[in-house]
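Shown next, in structure tokens, is the structure this report addresses.
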Amino acid sequence: MRRIVVTGAGSGIGLAVARRAHDLGWTVAGIDRTLGAGHIADVTDAAQVSSAMDAITSSWGGAPDALVHCAGIYRVAPTVTVDPADWDHTMSVNARGTFLAAQAVAARMIAAGNPGSIVVLGSVGAGRGDLTEPGAAYAASKGAVSALVRQLAVEWGPAGIRVNSVVPGVIDTAMTTVTSNPDAANALLGRLPLGRLGTADEVAAACLFLAGSDSSYITGTEITVDGGYLAS
């Protein structure tokens, strides 16, 4: 039985990943900072992340086969107005949280001699500036995630652990803010080659591909799910 941990499992892409994994026959353990997932943890808190992973591995009697780390936040503000505390918080949740979740799962995989797959979420925001919705801290945090993926793939590859990233574009979830501005939304849709927003389930499909055995020779890379946003 394949066992997968999903962070941010209470809503949005994380919830879609958890549901899709369950439908595909995975045993799923969800983590979120609020009620709605199986385990509650703040991904910026190393002790809470470790405690959740301990509880999960104890209940399973073994290490996970995969992690899909979806927990994150999106903040938009002109850079000249960004409070340094908001910058630190965004970096903490998105970059530090990714590091802590990946570290906790990999440590347990390595200790158990259990090769596996770690999938984290990047963003097109790290690859292209945005004048309509400026988010310097968000872009920087996701750039850090992109760099981290390459380092972890090299470092943990000898243990049989693959590390990859799924890079969503503008996805129709509660976190998406552009849809609240009709002019901006229409401009975006007009530029997208596919002419529509993506869905959480489309991102989840890419995550589960990387988590499973069909991607057994893929590591240290990104799959972009953006409807052609970066290409445009």
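The values are calculated or read from the model by the stated rules, or taken from the named source; none is laboratory data. Everything numeric here is computed off the predicted structure, so don't read it as measured data. All Cβ positions, even for glycine, are placed from backbone atoms using ideal geometry, and neighbour counts span all protein chains on display.
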When restricted to 140, 147, 206, the only residue under 16 Å from residue 74 (Cα atoms) and modelled with pLDDT of 95 or more is 140
Of the residues in the stretch 180-226, those that are under 20 Å from residue 149 (Cβ atoms) and in a strand (DSSP E or B) number 4
Counted residues in the stretch 3-24 being closer than 18 Å to residue 120 by Cα and surrounded by fewer than 24 Cβ atoms within 10 Å (Cβ to Cβ) come to 7
Going through (1) within 24 Å of residue 12 (Cβ to Cβ); (2) of a type in the set (Val, Ile, Thr); (3) modelled with pLDDT of 95 or more one by one, residue 176 fails only at (3)
By residue number, the members of the stretch 133-165 that are among the acidic types (Asp, Glu) and under 21 Å from residue 218 (Cβ atoms) are 155
If we keep only residues of the stretch 25-71 that are touching a residue at least 60 places away in the same chain (Cβ under 8 Å) and touching a Phe, Trp or Tyr at 6+ places or on another chain (Cβ under 9 Å), then the residue surrounded by the fewest Cβ atoms within 10 Å (Cβ to Cβ) is 65
Being touching a Leu at 6+ places or on another chain (Cβ under 7 Å), surrounded by fewer than 16 Cβ atoms within 10 Å (Cβ to Cβ) and free of Cβ contacts under 8 Å to residues at least 60 places away in the same chain, is that true of even one residue in the stretch 128-143?
no
Condition set hydrophobic (A, V, I, L, M, F, W, C) and assigned to a strand (DSSP E or B), scope the stretch 24-45, selection farthest from the chain's Cα centre (by Cα): answer is 35
Residue count, the stretch 103-140, condition touching a helix residue (DSSP H, G or I) at 6+ places or on another chain (Cβ under 6 Å), within 30 Å of residue 58 (Cβ to Cβ) and not charged (D, E, K, R), comes to 8
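Yes or no, residue by residue, for (1) within 15 Å of the chain's Cα centre (by Cα); (2) farther than 14 Å from residue 68 by Cβ; (3) free of Cβ contacts under 8 Å to residues at least 24 places away in the same chain:
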| position | (1), (2), (3) |
| --- | --- |
| 157 | no, yes, no |
| 163 | yes, no, no |
| 172 | no, yes, no |
| 182 | no, yes, yes |
| 186 | no, yes, yes |
| 190 | no, yes, yes |
| 194 | no, yes, no |
| 218 | no, yes, no |
When every residue in the stretch 1-19 that is out of contact with any Gly (no Cβ under 7 Å at 6 or more places or on another chain) and assigned to a helix (DSSP H, G or I) is compared, the one farthest from residue 62 (Cα to Cα) is 12
For the stretch 72-111, the count of residues that are closer than 22 Å to residue 169 by Cβ, touching a His at 6+ places or on another chain (Cβ under 8 Å) and surrounded by 22 or more Cβ atoms within 10 Å (Cβ to Cβ) equals 2
Of the listed residues (93, 76, 82), the one being of a type in the set (Val, Ile, Thr) and at pLDDT below 95 is 76
